[in-house]
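A short write-up of the structure that comes next.
The values are calculated or read from the model by the stated rules, or taken from the named source; none is laboratory data. Quantities reported herein were computed from a predicted structural model and do not represent experimental measurements. Counting neighbours? That spans all protein chains shown, and the Cβs are built from the backbone with ideal geometry, glycine included. Heads up: the accessible areas ignore ligands, DNA and RNA and are worked out on the full protein's heavy atoms, side chains in. Shrake-Rupley method; radii C 1.70, N 1.55, O 1.52, S 1.80 Å.
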Amino acid sequence: MKISTTWLQTLLRRTMLDNELVTALERSGIEIEQYSSSTPLNKNIVVGLVKKVIQHPGADRLKIATVDDGREELTIVCGAPNIYAGMKAPLARIGAILPDGMVISPAKLRGETSYGMLCSPRELGLSDSHEGLLDLGADSEVGKLLCDIYPSDGFVDVKTAANRFDLLGAIGVAREVAAMADAHLVLPPVKPLPKISAGMIGSLDAACPQFAVAELTLDPASPSPDWIVARLAVAGIRSLGLVVDITNYVMIETAQPLHAYDADKVSLPFGLRKAKTGETLITLDDQKRQLDSTDLVVTDATGTIGLAGVRGGARTEFGPQTKRIYLEAATFEGALIRQTAKRYNLRTDASARFERGLPPEAAVVALARAVALLEEFAKAELIRWSMTPTKTAGSRNLRVTAAHASKIMGIPVTPAEIVASLERLEIKATSDGDEVTATLPWWRPDLKEAEDLIEETVRVIGYDKIPSTIPAWRPRKLTFDRTRPALGHIRNLLSGAGLFEVMTYSFVSAEQLEASNLTADKHLKLKNPLSIEQAYLRTTLLPSHLAVAARNRMYAKKTAFYELSNVFEPKADGEQPNERMLLSIMVTQPKGSYAFAKGILDALARSLNVSFEISAAHSQGPWAEARVADVILNGEPVGRIGQLSPSLVQSVKLVGEAAAFELQLAPLLAASRPAAVRAASRFPEAQRDITVLVPEQTQWQDVAAALAGVSGLEATFMSDYVNQAMASGYKSLSIHLRLSSNDHTPTDAESSELETKVRSILQRLFKALPEK
């Protein structure tokens, strides 16, 4: 919210420089998004009267205007869409310098010379509006210097916390400055409203804590004072006539929005209720809106006349000839106003304030201030006014001890210092021994507990008075995280093998699940997903990894990546899902993808010193029609490995083969043990390759276990295959043998003896036959 620094100065007892204001606001903890010190407008910028407008002969979007600057008539070429004959707008004469440094000189535009420039609010640095010329109103004096209408004024743009509605008003911000700079707040003079009249307000919904309305007669021709227009311009609000300007001015000053109705178009009493099903309302922007049953609407005896807290209705809009108005000041339930504003995309300055949950007292304070301004500048006369019975929480007290405050703040503080600090914030406080009792003002509903009073105290004392110290703390119990080092070891192994680590969302779409042969109804669905692409919690990493492979297919013919992430398995209704961490890898390449994945699995087993068994499994889900096997550890399945089906690979537009494995990390890490190692031999080793025929059901892991007991031997799987020339029920198995010794180089005789021993073991245990 942008606030004029001049405006803030009028609310303080002593004059302060702008930099003092900014420093005080920063001390208070208010976030300042921007500060700007305005320079005076150039004296060659004056009020110009547009006397005649014609179309530019050479450009559809340009017009040629004859403008009176109080001394002479000038020809101005202008592209503003809102220019019209009789308009009074800022005119920059030849030689004028605009706030952005632009110097005005004669310029030829499409063959026509312009002897000056008509200006928008943004070109004058008054606001961000650049939709058209700044309309100065019919009462502006032609030739008057614009710097006299808009005096030099800086502004601060403050960002307020959601629980501090008062900082959305100039008075609230000035109160903070006064407390931090000990400058004392000066409130605008407002006389109390007279006795309440009956018959103006009817039934109100419980979501409206306060509804106040005043009936006034006024002079519709009264102009807005220049200082009100200037302060609104700094806040980014353009002048729309005296009544609207005063309601906006009071909103910026007190943080309480107001709304005015043409009294001749309203049939009393006012009411407030939820909208009816099928009910419609034409709002002030001439949009017909289909109302929702949760919307709060303002009504009169004939029907709906406004969308409460968001936008008024067109039927009761007042115009330039309106001489009698109803002025409304109300507070509503903040959550309802926010929902309505979002539903209709109508978030306004008013709705932003109502969303904070304004206290009931704010309505009457703002109404009295607006009535006083209308009486002063619009020759208004208050006929009557009314309000609902005050629905306040009564006097609220909080207590805090100096001992507790000293402990929290880290510095000694006395009850007298706490009282003095709170009273500078206009919070009445008294002390009794070590205890301080604070009576909370109505504009501070955010104060709810003793720690809040401590925070207010330290803000006034100054955060810079709090010493920077490191807490004296020692852990009572040391618990070492054994999982993190293990995960780091796995990452190092896989990265060293050439795999990239990926991190994907835990959410997948129904389309991803369907493409992976999974059903969405067996997955947990989010109630409020960010998008339909992230609607379900995954139970496997494969759908996400297929999407990764598909996105990267254009960059490389071979990809290999892994992920360590959680999956979520549904349990009974109302129970939290079973959350497990998986290790998953995927390999895509023209050929040999399964062998690559199996090699990674074997390397992982050796590194973690565990023994996997691979057992053929039934294919389903993402593994449907695939070459798939269960990975078994200590007799229990802990994952799967396989080559994905060609149809699934082609469905995501991959070329070649894709293989993957998924492992549960918890049982894998639990079974991992430090590996026993032996010193490498200083002597060369002997190598032999043998091929034998073994029954087709023979698995390599059984063969490897049978040969593990042979001293000095390391056996490695090479290949297996089946063809018609072999004995029925047999397959060819090729094994690479390596023989080593710690004290000599193995001889050919020892190598032959070893080979014979291996063949004997295979023949005895697996009924192996020599290859023909």
Query raised in the report: What are the pairs, 6+ residues apart or on separate chains, where a residue within the stretch 184-211 that is free of Cβ contacts under 8 Å to residues at least 60 places away in the same chain and under 13 Å from Ala372 (Cβ atoms) has its Cβ under 8 Å from a residue that is β-branched (Val, Ile, Thr) and surrounded by 10 or more Cβ atoms within 10 Å (Cβ to Cβ)?
Result: none
Report summary line: Taking the stretch 406-419 and keeping residues open to solvent by 60 Å² or more (accessible area, probe 1.4 Å), part of a helix (DSSP H, G or I) and free of Cβ contacts under 8 Å to residues at least 12 places away in the same chain leaves Lys407
Report summary line: Within the stretch 454-494, residues touching a helix residue (DSSP H, G or I) at 6+ places or on another chain (Cβ under 9 Å) and in a loop (DSSP other than H, G, I, E, B) come out as Gly462, Ile466, Arg482
Query raised in the report: Under the condition of being of a type in the set (Phe, Trp, Tyr) and farther than 30 Å from Arg606 by Cβ, which residue from the stretch 484-529 is surrounded by the fewest Cβ atoms within 10 Å (Cβ to Cβ)?
Result: Tyr505
Query raised in the report: Since Asp286 meets every condition but one in (1) of a type outside the set (Gly, Ala, Ser); (2) surrounded by fewer than 19 Cβ atoms within 10 Å (Cβ to Cβ); (3) part of a helix (DSSP H, G or I), which condition does it not meet?
Result: (3)
Query raised in the report: Ala403 versus (1) assigned to a loop (DSSP other than H, G, I, E, B); (2) modelled with pLDDT of 90 or more; (3) farther than 28 Å from Ala366 by Cα; (4) not acidic (Asp, Glu): which is the lone unmet condition?
Result: (1)
Query raised in the report: Can you tell which of Gly116, Gly86, Gly70, Gly101 is within 46 Å of the chain's Cα centre (by Cα) and surrounded by fewer than 16 Cβ atoms within 10 Å (Cβ to Cβ)?
Result: Gly101
Query raised in the report: In the stretch 262-283, which residues are surrounded by 22 or more Cβ atoms within 10 Å (Cβ to Cβ) and in contact with a Lys or Arg (Cβ under 7 Å, 6 or more places away or on another chain)?
Result: Leu281
Query raised in the report: Does any residue of the stretch 238-261 turn out to be touching a strand residue (DSSP E or B) at 6+ places or on another chain (Cβ under 8 Å), assigned to a loop (DSSP other than H, G, I, E, B) and surrounded by fewer than 19 Cβ atoms within 10 Å (Cβ to Cβ)?
Result: no
**Report entry** Positions within the stretch 420-451 being open to solvent by less than 20 Å² (accessible area, probe 1.4 Å) and either assigned to a loop (DSSP other than H, G, I, E, B) or within 17 Å of Gly462 (Cβ to Cβ) (or both), in sequence order
**Finding:** Ser421, Leu422, Leu425, Ile427, Pro441, Arg444, Leu447
Requested in this report: Just name the residue that is nearest to Thr294 (Cα to Cα) out of those in the stretch 172-214 that are open to solvent by less than 20 Å² (accessible area, probe 1.4 Å) and β-branched (Val, Ile, Thr).
Outcome: Val213
**Report entry** Of all residues making up the stretch 632-659, the number that are in a loop (DSSP other than H, G, I, E, B) and either closer than 28 Å to Pro590 by Cα or touching a Ser or Thr at 6+ places or on another chain (Cβ under 6 Å) (or both)
**Finding:** 7
Report summary line: Going through the stretch 544-581 in order, the residues found to be open to solvent by less than 30 Å² (accessible area, probe 1.4 Å), within 24 Å of Ala666 (Cβ to Cβ) and either small (Gly, Ala, Ser) or assigned to a loop (DSSP other than H, G, I, E, B) (or both) are Ser544, Ser565
**Report entry** strands (runs of 3 or more DSSP E) contained in the stretch 660-772 and holding at least 1 residues closer than 30 Å to Pro646 by Cα and open to solvent by 70 Å² or more (accessible area, probe 1.4 Å)
**Finding:** 713-721
Query - Restricting the stretch 522-557 to residues that are over 30 Å from the mean Cα position of the chain (by Cα) and of a type in the set (D, E, K, R), the residue that is farthest from Gln589 (Cα to Cα) - result: Lys522
Report task. Identify all residues within the stretch 320-347 that are farther than 20 Å from Leu204 by Cβ and in contact with a strand residue (DSSP E or B) (Cβ under 7 Å, 6 or more places away or on another chain); write none if there are none. Result -> Thr322, Lys323, Arg324, Ile325, Tyr344, Leu346
Query raised in the report: Does Ile325 satisfy the condition of being in contact with a helix residue (DSSP H, G or I) (Cβ under 6 Å, 6 or more places away or on another chain), more than 30 Å from Ile427 (Cα to Cα), of a type outside the set (S, T, N, Q) and open to solvent by less than 40 Å² (accessible area, probe 1.4 Å)?
Result: yes
Requested in this report: Pick out the one residue from Asp432, Asp452 that is over 29 Å from Thr294 (Cα atoms) and free of Cβ contacts under 8 Å to residues at least 40 places away in the same chain.
Outcome: Asp432
Query raised in the report: Quick check: is even one residue across the stretch 345-367 surrounded by 22 or more Cβ atoms within 10 Å (Cβ to Cβ) and touching a Cys at 6+ places or on another chain (Cβ under 8 Å)?
Result: no
